[in-house]
């Protein structure tokens, strides 16, 4: 591989052997790694899902035919959808504020965002557990203020999972959105104002449509990440609203049922890939991450 | 004119310790095309932005049709504006861009469609309504921006260097369009530019901005023939300045002494004169007469030719006075004095003192 580029480079002073995006050779090490540690295990899992306990599609039939499992699928989508929606709702104003605020303030907010991303996931989730529990700070403050009489059930249910996961997902929506909003010329919004558009009309008719690529990229990323999320739902969720990743863990760890576990994992993988295909189809790879 | 259409009254804008606009006063008549001309940082754009409502003045008032505008937010001012940068909404087609101000005003659809057609016709872009801004040239985009800004019949149109991103030929083409549209619509236009040629070509009157103040307001010929300050003289038309001594000064006229010549009487005077003090004599290259020998009975300066440049329809001759000051003269092509002229020749540049100016 190297000898070829060397020969080219030696032949002329122009860097003829300069790397191009079509130089497939360079991706081989990474590709090998991916095959060894991702494709092969997934293939084994797939094989086990159609061979254990007996060969055939029995596992898939059971998974997709039982109302218990379907409820878990539905709940997975519900939580992911809810987290995506709330993240957008909170993330958009934050991204907007970051884009328009003086850079020295923005860099402080960025530092907070990145610091939270670099903090251990478990630590952050346990912190929410402490905050949200019956005797936690939030309930105590609300009771102290006289707003509620008895503690709100904030944890071990849908509320807890949504809060905890939204917190973790927020940077993934804020960063691409920030990138898109930053590129919108403020003069365009001034033009909208002089055209007679009030703040609301400017937001709905100009700003939101222009920010759409970033919103879609961020939302899809958060939705897909949420679908397979394990730690936060496991710690902050309740038994009544289990998510798919928890189900897979249960199959493999508690029930030692690799067949069912593999089937559930494959369903998750297929849904994720399908959504990724949607993203590629409508937004293209260049729009990923708001670029 | 009983009452001015637009009054800018003592507008001042401070950014911390920096004063961008110093107490600007200006009256604009209805239907007038008035240009703010000045270099960057002279306060012309800031004044325009205050009119648009994007900046609040530190003090002063803006009165349009007898009513103060300052408490009205931008979106209720009903003012049109074309920006320096391309500000068409990129996600909307040309037709939708022009319809935007009408849609936010909730006009009936039939009325909007009719108006969009009229506007496309006005800027001569019929058939382009379904294009996206990205599919159009810069000049076309600015014409659409003009159509969008005029769609709601604003009484006042602001234009902030709308042609600065275009090349010279296209710029001249759109300048013609703007003139035609101004005559056709009779909208009052405030136009900002740093290009004197553009200002002269378009405007009824020009306000020359310098360091946050208006140095002079007048028609192009007025500013050219009778500049109030040295800055205006430098900014409008070409000019050279020769240092001189003030001998006497009275009633806007001065007698001056130029090194190497006798006293030159009766030159129009500007500024605060200090008799016996230093001043500058302004001479325009196209007003000078070049002769081989000292012209009898008229005022002239002896100079040495330092360069001769052919510029098409005229010829630019750069010269130097005995003291080393540059003084240029422009002669029409084929002028008899040119044929045998060489670098290093000693010649005389004559002028009419009444057409010159002295600045203190």
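The values are calculated or read from the model by the stated rules, or taken from the named source; none is laboratory data. No experiment lies behind these values; they were computed from the predicted model shown. FYI the Cβ positions are ideal-geometry reconstructions off the backbone, even for glycines, and counts take in every protein chain you see.
Tabulated data for the structure shown
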| item | result |
| --- | --- |
| From the options B:69, B:125, residue that is more than 8 Å from every other protein chain (Cβ to nearest Cβ), at pLDDT below 95 and touching a strand residue (DSSP E or B) at 6+ places or on another chain (Cβ under 8 Å) | B:69 |
| Search result, residues across the range B:111-145 that are touching a residue at least 60 places away in the same chain (Cβ under 8 Å) and more than 25 Å from the chain's Cα centre (by Cα) | B:122 |
| Flag for residue A:188 being within 30 Å of residue B:144 (Cβ to Cβ), part of a loop (DSSP other than H, G, I, E, B) and within 14 Å of chain B (Cβ to nearest Cβ) | no |
| Answer from B:110, B:99 - the residue that is more than 27 Å from residue B:5 (Cβ to Cβ) and buried (at least 19 other Cβ atoms within 10 Å of the Cβ) | B:99 |
| Test: residue in the range B:275-288 that is modelled with pLDDT under 85, surrounded by 12 or more Cβ atoms within 10 Å (Cβ to Cβ), in contact with a strand residue (DSSP E or B) (Cβ under 6 Å, 6 or more places away or on another chain) and at negative phi | yes |
| Residue identified as within 12 Å of chain B (Cβ to nearest Cβ), in a helix (DSSP H, G or I) and without any contact (Cβ under 8 Å) to a residue 24 or more places away in the chain among A:206, A:130, A:141 | A:206 |
| Scan of the range B:201-216 for residues that are more than 20 Å from residue B:240 (Cα to Cα) and under 10 Å from the mean Cα position of the chain (by Cα), ordered by number | B:201, B:202, B:203, B:205, B:206, B:207, B:209 |
| Unmet criterion (only one of (1) modelled with pLDDT under 90; (2) part of a loop (DSSP other than H, G, I, E, B); (3) in contact with a helix residue (DSSP H, G or I) (Cβ under 9 Å, 6 or more places away or on another chain)) for residue B:227 | (1) |
| Only listed residue being under 14 Å from the mean Cα position of the chain (by Cα), more than 14 Å from chain B (Cβ to nearest Cβ) and modelled with pLDDT of 90 or more, chosen from A:266, A:227, A:275 | A:227 |
| Options B:85, B:148, B:106; residue that is over 23 Å from residue B:30 (Cβ atoms), within 11 Å of chain A (Cβ to nearest Cβ) and in contact (Cβ under 8 Å) with a residue 60 or more places away in the chain | B:85 |
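One line per residue, one yes/no per condition, for (1) over 13 Å from residue B:350 (Cβ atoms); (2) touching a helix residue (DSSP H, G or I) at 6+ places or on another chain (Cβ under 9 Å):
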{"position": "B:249", "(1), (2)": "yes, no"}
{"position": "B:254", "(1), (2)": "yes, no"}
{"position": "B:267", "(1), (2)": "yes, yes"}
{"position": "B:271", "(1), (2)": "yes, yes"}
{"position": "B:283", "(1), (2)": "no, yes"}
{"position": "B:289", "(1), (2)": "no, no"}
{"position": "B:292", "(1), (2)": "no, no"}
{"position": "B:295", "(1), (2)": "no, no"}
{"position": "B:303", "(1), (2)": "no, no"}
